[in-house]
Amino acid sequence: QMNFEELSDKEILDIANPMMDNLMDASTEIDHPRHIQDFSDRMKEIVTKVRLQQMCENYQAERGFFAARETVAVFKRPESAAIVWKQFFTKAQGEFVAEMLLIHKNGRFLVEHTMVF
């Protein structure tokens, strides 16, 4: 049984950052299979191909594309870790919040929740 409290912030970020990079790149390309590759089954049910297309077209029109991202905090509990970043966009002014909830299931790290707002 994975206990996230036993991992360092760096260990968690070394897992979460490549996953978030992939999510953002796949979102920019509106590439559904790549976007959901690290999602939990629950998230895969929510983020359908049609829903991803709509979400991406909306934010890209309003905010542009994902730009720089800076780590703000890592929150650990036994069964998961939540990571929060400061997120910038190419078009929208100001600072946004990017977050991810990381779980471990069937020998894999998976994204159980993620949002940029």
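The values are calculated or read from the model by the stated rules, or taken from the named source; none is laboratory data. Everything numeric here is computed off the predicted structure, so don't read it as measured data. Every residue, glycine among them, receives a Cβ derived from its backbone with ideal geometry; neighbour counts consider all protein chains shown. Calculation scope for accessible area: heavy atoms of the full protein, side chains included, ligands and nucleic acids excluded. Shrake-Rupley method; radii C 1.70, N 1.55, O 1.52, S 1.80 Å.
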Original post:
Which numbered condition trips up residue 71, out of (1) in a helix (DSSP H, G or I); (2) open to solvent by 50 Å² or more (accessible area, probe 1.4 Å); (3) β-branched (Val, Ile, Thr)?
Top reply: (1)
**OP:** Any chance you could count how many residues in region 58-68 are in a loop (DSSP other than H, G, I, E, B) and either open to solvent by less than 70 Å² (accessible area, probe 1.4 Å) or in contact with a strand residue (DSSP E or B) (Cβ under 6 Å, 6 or more places away or on another chain) (or both)?
**Re:** 1
Original post:
Restricting region 28-54 to residues that are over 27 Å from residue 79 (Cα atoms) and touching a residue at least 24 places away in the same chain (Cβ under 8 Å), which is least open to solvent (accessible area, probe 1.4 Å)?
Top reply: 52
**OP:** List every residue pair whose Cβ atoms sit under 7 Å apart, with the two residues 6 or more apart in sequence or on different chains, where the first one lies in region 103-116 and is without any contact (Cβ under 8 Å) to a residue 40 or more places away in the chain and the second, anywhere, is part of a strand (DSSP E or B).
**Re:** 115/99
**OP:** Name the residue, out of 55, 24, 19, 43, that is in contact with an Asp or Glu (Cβ under 6 Å, 6 or more places away or on another chain), within 20 Å of residue 101 (Cβ to Cβ) and assigned to a helix (DSSP H, G or I).
**Re:** 19
**OP:** Can you give me the number of residues within region 86-115 that are closer than 17 Å to residue 67 by Cβ and more than 10 Å from the chain's Cα centre (by Cα)?
**Re:** 12
**OP:** Kindly provide the set of residues from region 2-16 that are modelled with pLDDT under 95 and either open to solvent by 90 Å² or more (accessible area, probe 1.4 Å) or assigned to a helix (DSSP H, G or I) (or both), ordered by number.
**Re:** none
Original post:
Which residue pairs have Cβ atoms under 6 Å apart, sit 6 or more places apart or on different chains, and have a first residue in region 56-74 that is of a type outside the set (Val, Ile, Thr) and a second that is open to solvent by 40 Å² or more (accessible area, probe 1.4 Å) and assigned to a loop (DSSP other than H, G, I, E, B)?
Top reply: 56/30; 63/91; 64/90; 64/91; 65/90; 67/90
